[in-house]
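The values are calculated or read from the model by the stated rules, or taken from the named source; none is laboratory data. Source: prediction; values computed, not measured. Here the Cβ is made from the backbone with ideal geometry for all residues, glycine too, and neighbour counts use every protein chain on show. The protein model used for the area step is the full one, side chains on, heavy atoms only, and it has no ligands, DNA or RNA in it. Shrake-Rupley method; radii C 1.70, N 1.55, O 1.52, S 1.80 Å.
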Amino acid sequence: MMVNNRSKVDVSNFEPTVCWVVALKSEAKPIISHFKLVHQSANSIFPIYRNHKLGHLLIVSGVGQINAAAATAYLASESGAPPWAAWINLGIAGSLDGDIGKLYQGVKVTNPTKEKVFFPGYRFSKIVSLVEIQTLDYPNSVKNNGVLHDMEASGFVDFATRFSCNELVFSFKIVSDNSEQDMKLIDKMMVNSLIGDRLQQLEALLDEIITLSKLEKQRLQVPDEVEEVFKQFHFSVTRRNQLIHKLRKWKVQFPNRSISDLVKEAKTAADVIRNIDDALTDMKFDWT
Amino acid sequence: MIDTIFIEKGVVNHSRTQSIKSKFKNSTIIEVDRYQEIFNKRSQNFRIQKQNPALILAEKHDNFVLPAPSGFGLASTRNFYFSHMYNCIYDCRYCFLQGMYSSANYVIFVNFEDFFDEIEQSIQANGAQDLTFFSGYDCDSLAFENITGFAESILPLFKSYPKVDLEFRTKSVQLESLKSGFPTANCIVAFSMMPEELAKRLDKKAPSIKRRINAIEKLAARGWPIGLRFDPLIYSKDWKQLYKGLLMEIMHRVPREAIHSISHGPLRYPKKMYQDITKLYPEELLFSLPMSENNGYVDYGVDVENEMAEFLIKNLKNYVEEAKIFQCVVQA
């Protein structure tokens with residue numbers, strides 16, 4: 001692959017809200033089509049699709065947990081996904097006793113080879129059934145009761161939880177084969193149809209996921225005004241962090257006041273921080 | 001209420017596991033090797049998790065009973081605490097548990113009998129000393145009583161040691177087993193209290209102060225020794241008026257003879273814990289108020305702490321003798 005000549009994904013003015021990591025093109029197709037994702041750079045190591053307006057990114061990782069981990073890290077790096085972005089691994093999985101076509105959320109993901117165990121995602125038990133997923137290095141026809149078997153979830157979760165919190169990392173799997181239907185019957189058409197049939201349920205999940213992501217954004221995002229203050233004065237790293245922290249408190253106490261009140265007579269970064277401190281000394285707050 | 005129960009493989013067949021499981025028939029059951037593999041996991045988001053905590057059933061292997069931190073306790077010479085549960089069904093904004101654990105999931109240790117054995121050993125090892133055992137340091141002692149039956153299980157032990165005190169600390173009003181049972185004279189049911197106006201803002205998901213006072217009234221009438229815990233004391237513009245109103249209501253409703261003890265403590269956090277909690281809830285009014293770092297703790301400062309403590313004591317003097325009032329300030 002021509003790594004050296006690859007062009008970066010254009011992320012200007014784009015903030016990803018949902019990052020999909022999907023192993024196969026046939027698994028990705030219904031998502032690409034439904035969310036009107038557009039193929040990005042042709043030279044990318046992994047194919048990446050995007051809907052600018054919705055804030056969706058999708059990467060096709062290829063089969064296996066190393067590919068899933070690598071693609072996750074690659075997408076994070078290329079997109080600059082913020083820590084409030086949700087990460088979703090979607091794909092098919094084998095099961096001994098699961099119904100073909102049923103969608104599950106993996107709430108325990110194990111990797112027996114590496115003895116790793118993860119518990120990803122806020123659980124959406126009202127929308128989807130919860131299950132344990134065992135990630136294997138090879139397709140396995142021998143399956144355990146009540147467990148789904150896949151080849152990506154563990155590698156994906158291991159890496160996605162480095163870029164967003166554990167509760168915003170999700171692995172959703174659709175049963176493609178079970179004790180009554182052999183995995184040899186799986187083909188592109190079938191995969192496409194299995195995923196396509198679950199789009200409505202996935203939409204319901206996405207509504208909830210985006211709500212959580214927004215909550216995290218509110219918590220983590222540096223207020224816009226901070227950037228304005230940074231432009232006006234020189235702040236050391238320590239003072240930058242102080243300003244962010246103190247300004248948040250100030251905004252809670254004075255939601256209707258403008259930051260310009262704190263800045264207009266300041267000559268240095270220290271003055272700005274002192275002005276905030278002065279404003280925050282009144283303890284006699286009215287709780288009622 | 002609980003959609004998922006993670007169960008340690010070692011306690012899957014434990015009778016208490018079966019009993020708890022039977023109360024959540026629609027929950028998904030997932031087996032785990034050890035509770036820490038989920039509870040201590042990195043990059044968990046306490047705030048999001050708190051919206052829908054899972055239940056973890058586990059076995060505790062050691063440290064069933066620990067000496068209470070210095071400054072935590074009542075009149076006894078020696079104070080101990082134990083935690084059959086980690087985390088709480090309520091979501092009180094000042095609670096230190098949200099800065100202590102990375103997970104909001106509830107852990108219940110099902111091997112109660114091992115706790116009881118070690119409590120008994122501690123009692124025997126400390127001979128004639130006055131002892132108090134505190135339940136409810138890492139959880140609300142009684143909020144999960146309908147599920148665990150913990151209080152009901154432990155009361156017979158303390159009936160055998162009438163000179164040793166046990167405190168259940170709670171905000172729960174679901175106390176049917178206590179309301180209908182015979183009181184145990186050395187078992188104190190201690191309620192965390194603050195003015196209703198503050199509780200409405202801060203004691204999220206917890207019963208209102210009005211309901212707590214109703215429950216206290218019933219338990220007192222039944223003969224249970226009552227503890228009142230004004231901990232933490234929360235500052236506000238009109239805190240004197242708010243706390244005075246609360247005290248008047250309690251004095252009017254709860255007979256003084258029922259009061260075993262009253263304790264109060266300031267709002268105070270170790271520095272790291274304060275930073276963690278404020279990161280979780282940066283928009284929270286409570287943490288936007290000025291608090292300063294003093295000796296590794298973040299608090300209102302000694303002047304405010306003293307003023308609030310003195311006010312409380314002064315207003316309680318006509319209700320209970322001063323010997324029943326204790327200050328609770330956990331030291332490093």
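Observations, loosely collected:
- Listed by position, the helices (runs of 4 or more DSSP H) inside region B:21-108 whose residues that are closer than 15 Å to B:PHE6 by Cα and free of Cβ contacts under 8 Å to residues at least 24 places away in the same chain number at least 1 are B:36-39.
- Flag for A:ASN178 being touching a residue at least 40 places away in the same chain (Cβ under 8 Å), farther than 17 Å from A:TRP87 by Cα and either open to solvent by 40 Å² or more (accessible area, probe 1.4 Å) or within 14 Å of chain B (Cβ to nearest Cβ) (or both): no
- Here B:GLN124 does not fit the description of being farther than 30 Å from A:PHE119 by Cα, more than 20 Å from the chain's Cα centre (by Cα) and touching a residue at least 40 places away in the same chain (Cβ under 8 Å).
- In the set (1) crowded, with 20+ Cβ neighbours inside 10 Å; (2) among the basic types (Lys, Arg); (3) part of a helix (DSSP H, G or I); (4) more than 10 Å from chain B (Cβ to nearest Cβ), the condition left unmet by A:LYS249 is number (4).
- Unique residue being open to solvent by 70 Å² or more (accessible area, probe 1.4 Å), under 30 Å from A:LEU220 (Cα atoms) and within 14 Å of another protein chain (Cβ to nearest Cβ) when the list is B:ARG34, B:ARG42, B:ARG47: B:ARG42
- Test: residue in region B:110-117 that is open to solvent by less than 20 Å² (accessible area, probe 1.4 Å) and either free of Cβ contacts under 8 Å to residues at least 40 places away in the same chain or assigned to a strand (DSSP E or B) (or both): no
- Among the residues listed as B:ALA54, B:ALA68, B:ALA104, the single one being within 11 Å of chain A (Cβ to nearest Cβ), small (Gly, Ala, Ser) and either surrounded by fewer than 17 Cβ atoms within 10 Å (Cβ to Cβ) or within 19 Å of the chain's Cα centre (by Cα) (or both): B:ALA104
- Being assigned to a helix (DSSP H, G or I) and closer than 30 Å to A:GLN221 by Cβ holds for only one residue in B:MET308, B:MET273, and it is B:MET273.
- Flag for A:LYS173 being open to solvent by 30 Å² or more (accessible area, probe 1.4 Å) and either away from every other protein chain (no Cβ under 14 Å) or touching a residue at least 40 places away in the same chain (Cβ under 8 Å) (or both): no
- Failed item, numbered, when A:ILE186 is tested on (1) closer than 30 Å to A:HIS149 by Cα; (2) within 14 Å of another protein chain (Cβ to nearest Cβ); (3) aliphatic (A, V, I, L, M); (4) open to solvent by 30 Å² or more (accessible area, probe 1.4 Å): (2)
- Residue satisfying condition, being within 14 Å of another protein chain (Cβ to nearest Cβ) and either at pLDDT 95 or above or open to solvent by 10 Å² or more (accessible area, probe 1.4 Å) (or both), within set B:MET251, B:MET308: B:MET308
- Odd one out for B:THR278 among (1) surrounded by fewer than 20 Cβ atoms within 10 Å (Cβ to Cβ); (2) out of contact with any strand residue (DSSP E or B) (no Cβ under 8 Å at 6 or more places or on another chain): (1)
Quick grid of which residues meet (1) closer than 17 Å to B:GLU307 by Cβ; (2) more than 13 Å from chain A (Cβ to nearest Cβ):
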{"residue": "B:ALA206", "(1), (2)": "no, yes"}
{"residue": "B:PRO225", "(1), (2)": "no, yes"}
{"residue": "B:PRO232", "(1), (2)": "yes, yes"}
{"residue": "B:SER236", "(1), (2)": "yes, no"}
{"residue": "B:LEU242", "(1), (2)": "yes, no"}
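- Residue check for A:GLN201: modelled with pLDDT of 95 or more and either part of a helix (DSSP H, G or I) or aromatic (Phe, Trp, Tyr) (or both): yes
- Within region B:263-291, the set of residues being at pLDDT below 90 and small (Gly, Ala, Ser) comprises B:SER288 only.
- Identity of the residue in region A:226-235, under 17 Å from A:GLU265 (Cβ atoms) and open to solvent by 50 Å² or more (accessible area, probe 1.4 Å), that ends up modelled with the highest pLDDT: A:GLN232
- Candidates are the residues of region A:253-262 that are open to solvent by 30 Å² or more (accessible area, probe 1.4 Å) and part of a helix (DSSP H, G or I); the one that is farthest from the other protein chains (Cβ to nearest Cβ) is A:SER260.
- Hits in region A:207-224 - residues which are exposed (fewer than 12 other Cβ atoms within 10 Å of the Cβ) and within 11 Å of chain B (Cβ to nearest Cβ): A:THR211, A:GLN218
- Residue match in region B:267-281 (condition: closer than 30 Å to B:ALA220 by Cβ and within 13 Å of another protein chain (Cβ to nearest Cβ)): yes
- Evaluation of A:THR238 against the conditions (1) open to solvent by less than 50 Å² (accessible area, probe 1.4 Å); (2) without any contact (Cβ under 8 Å) to a residue 40 or more places away in the chain shows that the sole unmet condition is (1).
- Enumeration of residues in region B:256-266 that are open to solvent by 30 Å² or more (accessible area, probe 1.4 Å) and either among the basic types (Lys, Arg) or within 14 Å of chain A (Cβ to nearest Cβ) (or both): B:ARG256
- Residue list for region A:191-214, restricted to those being of a type in the set (A, V, I, L, M, F, W, C) and closer than 24 Å to A:SER176 by Cα: A:VAL191, A:LEU194, A:ILE195, A:LEU199, A:LEU202, A:ALA204, A:LEU205, A:LEU206
- Restricting attention to region B:212-223 and to residues that are farther than 22 Å from B:ASN87 by Cβ and basic (Lys, Arg), the residue that is nearest to the other protein chains (Cβ to nearest Cβ) turns out to be B:LYS218.
- Taken over region A:118-162, residues that are among the polar types (S, T, N, Q), more than 11 Å from chain B (Cβ to nearest Cβ) and open to solvent by 20 Å² or more (accessible area, probe 1.4 Å) amount to 5.
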